[in-house]
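To keep things clear, I will list the structure first and then write my remarks on it.
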Amino acid sequence: MARRVPLRRSLLVRLLSISVLIALLSIGSTAWLVFRSTTLAIEQERGDVLADDMGIQDALTGYAARHRDWKGVSRTVRQLAEKTGRRITLTTRERRVIADSGSGQSDLPARASAVIDPLNTPADAGGGTGWETSRIDPRAVGPYLLPAQERQHLERLARDRATCLSGIGLRAQVAVRAGGRPYVLTSPSASVARGLSEQVCPAAALAEPTRTEAGALEELGTLVAGCARRRGVTAYDDGLVPLADFVVPFKGTPDEIETVENCVEEARGDQLAGYVAPPALLFVAASSGPATPVFDLSPINTARIVGVTGLVLALTVAVTTVIAVRLVRPLRALAEAAHDPSGQHVRVPVTTKDETGYLAAAFNDLSERRERIEELRKAMVSDIAHELRTPLTNIRGWLEAAQDGIAVPDAALISSLQDQALLLQHIIDDLQVLAAADAGTLRLHPERLVVREVVEQVAAAHRADAQSAGVTVLTHIASDPVVHADPVRLRQVLGNLMSNAVRHTPPGGTVTLTAHCGVDEVEIQVADTGSGIQPEDLSMVFDRFWRAEKSRSRRTGGSGLGLSIVRQLVEAHEGKVSVTSVPGTQTVFTVRLPAGR
């Protein structure tokens, strides 16, 4: 009687549970993913907007630093608007429009996005009046802009110094400031060899102000001195110019130094005022396109999510139930067939072409194989009993006859009994070989073999028996094939095939051994011109105790184990053996072994 599966372990219940769990996890993860993705998208959009705003401000500040007015800025504004997708409006401090990337009229916000003033940009942290830390944009160079002749002269000096530094093992390259003045950048390790670099590669010539810079610095010094005097610093030296490459230290109290630094910043602004565009207001707004939708969990959206979730869950359960029922039905049929109390090999109908149908077909194939194996087992037991009974009966009969005095225990009788004992030993040895092969304990001792030598040895060993039977033995070996095999077992394989061929070849026939090399294998054939094998028997040639002669006569057949041993030994060498036959004409056994390297 088939055992029933408990409900808690039923495939149907497990499939439903797994499906519901998967659906819930999918819905939950999808909802979390939507929420998280929306949040990240909003944050990314805000970051992109901020980066765009900073880029717009920097580009317009650079334009103002290089131009005396805002004429021609409209083109730059349009390019920035096309690149960022924002609407950009530039106005004067009185909110008179200078340039606008939009086509329609729109009211300006109460607060500007930024003030574009190259002389008053956000200062870097750390303060000071150096070129890099000043509130004045470094691109505003004004009277410090070098003409082409002075620039070329300084570039030659800079390249010479960089080449010199490279010659003493320092990495150096030439860079150019906004005003056109070149300078030499060195690797961080250059500070270790700074003394050596100054001695070998002096920078004094490159640091010397040009005529253009000297005039601008003289003007700057005058402005700084006037400012310092107005603020009560009388000890100021007109030579102080704390800018970029030109710094002359000023000795004074901390308050005086701070006052002079502030004067330098103020003087630079006054000096550059006529070379940059006037301050302007920047307004940056979103484009006039549709706004990006924002995901929210309003009551309506929440109800929609719950409804869709319930619908997905219901569909999942329904579909899973239908599929599970279709899967479970044939599985139950398989279980009932496997537990059939009759002990017969029951077949189950194959109703589907999916995995369950394949399982049912495999079950039917397994049942058929079990039937064949059972039949072979019964036949094998009968064959073994028959093969052993005949010599044992002969031995017992002759021994009883000698004991009763009927037969004389002479040399002929002893020789006959010895032949019967040898036959028993041969059958037992063959059975041991097959048992070892079945158990996987058959041991081989492979070595490099020249096939020509093995074939000649086997042919020579059977040539005498063949001649006595009127059979001619021929050999044909192409080239010199080599295999990696056990010499004893390989001779046993060819010997069994030769014995069968000679036994089934009538007088005047021929047995031919051939060997040649293939692509990756060596092929050895034993062909005879004997009685042949019927087509319906070819599939059983290598079965144990099978003989073409159904009478099982010793005169026409051996024990029926020789070809089974051939197949086991060849397969143990990772080879293959096959047979082809034309009844009454020819039979060819082919052994294929991996070629030796």
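The values are calculated or read from the model by the stated rules, or taken from the named source; none is laboratory data. Since the structure is predicted, the reported quantities are computational estimates derived from the model, not experimental observations. When we count neighbours, we look across all protein chains shown, and the Cβ atoms used for this are built from the backbone with ideal geometry, even at glycine. Surface areas here come from the heavy atoms of the whole protein model, side chains and all, with no ligands, DNA or RNA. Shrake-Rupley method; radii C 1.70, N 1.55, O 1.52, S 1.80 Å.
Evaluate the following for Leu157: is it closer than 23 Å to Glu219 by Cα, at pLDDT 85 or above and surrounded by 14 or more Cβ atoms within 10 Å (Cβ to Cβ)?
On the way: closer than 23 Å to Glu219 by Cα: no; at pLDDT 85 or above: yes; surrounded by 14 or more Cβ atoms within 10 Å (Cβ to Cβ): yes.
So Leu157 fails the test.
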**OP:** Report yes if Asp404 is open to solvent by 70 Å² or more (accessible area, probe 1.4 Å) and at pLDDT below 80, otherwise no.
**Re:** no
**OP:** Check region 477-497 and report whether any residue there is under 15 Å from Arg463 (Cβ atoms), more than 54 Å from the chain's Cα centre (by Cα) and in contact (Cβ under 8 Å) with a residue 12 or more places away in the chain.
**Re:** no
Original post:
What about Ala41, is it assigned to a helix (DSSP H, G or I), at pLDDT below 75, open to solvent by less than 80 Å² (accessible area, probe 1.4 Å) and out of contact with any Lys or Arg (no Cβ under 7 Å at 6 or more places or on another chain)?
Top reply: yes
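When residues of region 75-98 are filtered for being over 17 Å from Gly55 (Cα atoms) and part of a strand (DSSP E or B), how many remain? Show your work before the answer.
As a first pass, look at region 75-98 and keep what is over 17 Å from Gly55 (Cα atoms): 91-98.
Adding the requirement that they be part of a strand (DSSP E or B) leaves 91, 97-98.
Of the residues in region 75-98, 3 are over 17 Å from Gly55 (Cα atoms) and part of a strand (DSSP E or B).
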Original post:
Which of the residues belonging to region 258-272 are more than 11 Å from Gly142 (Cα to Cα) and open to solvent by less than 10 Å² (accessible area, probe 1.4 Å)?
Top reply: Val260, Cys263, Val264, Ala267
**OP:** Would you be able to say whether some residue in region 72-92 is more than 50 Å from the chain's Cα centre (by Cα) and acidic (Asp, Glu)?
**Re:** no
Subject >> Filtered residues of region 351-371 (kept if over 38 Å from the mean Cα position of the chain (by Cα) and at pLDDT below 75) >> reply: Thr351
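Regarding Ala277, is this residue open to solvent by less than 90 Å² (accessible area, probe 1.4 Å), at pLDDT 75 or above and touching a Phe, Trp or Tyr at 6+ places or on another chain (Cβ under 9 Å)? Break it down stepwise before answering.
Working: open to solvent by less than 90 Å² (accessible area, probe 1.4 Å): yes; at pLDDT 75 or above: yes; touching a Phe, Trp or Tyr at 6+ places or on another chain (Cβ under 9 Å): yes.
The answer is yes for Ala277.
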Original post:
Checking Glu387 against (1) surrounded by 12 or more Cβ atoms within 10 Å (Cβ to Cβ); (2) at pLDDT 70 or above; (3) assigned to a helix (DSSP H, G or I), which single condition isn't satisfied?
Top reply: (2)
**OP:** Would you please list the contacts, defined by Cβ atoms under 7 Å and residues six or more apart or on different chains, that run from a residue in region 60-74 that is over 12 Å from Pro138 (Cα atoms) and assigned to a loop (DSSP other than H, G, I, E, B) to a residue that is among the hydroxyl-bearing types (Ser, Thr, Tyr) and open to solvent by 20 Å² or more (accessible area, probe 1.4 Å)?
**Re:** Arg68/Tyr275
**OP:** Give the number of residues within region 571-589 that are assigned to a strand (DSSP E or B), touching a strand residue (DSSP E or B) at 6+ places or on another chain (Cβ under 8 Å) and surrounded by fewer than 16 Cβ atoms within 10 Å (Cβ to Cβ).
**Re:** 3
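Here are some residues: Arg87, Arg95. Which one is open to solvent by 80 Å² or more (accessible area, probe 1.4 Å) and out of contact with any helix residue (DSSP H, G or I) (no Cβ under 6 Å at 6 or more places or on another chain)?
Numbers: Arg87 fails: open to solvent by 80 Å² or more (accessible area, probe 1.4 Å).
The conditions single out Arg95.
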Original post:
So which residues in region 59-84 are open to solvent by 40 Å² or more (accessible area, probe 1.4 Å) and touching an Asp or Glu at 6+ places or on another chain (Cβ under 9 Å)?
Top reply: Ser74, Lys83
Original post:
Which of the residues spanning region 160-175 are touching a Ser or Thr at 6+ places or on another chain (Cβ under 9 Å), surrounded by fewer than 18 Cβ atoms within 10 Å (Cβ to Cβ) and modelled with pLDDT of 85 or more?
Top reply: Cys164, Gln173
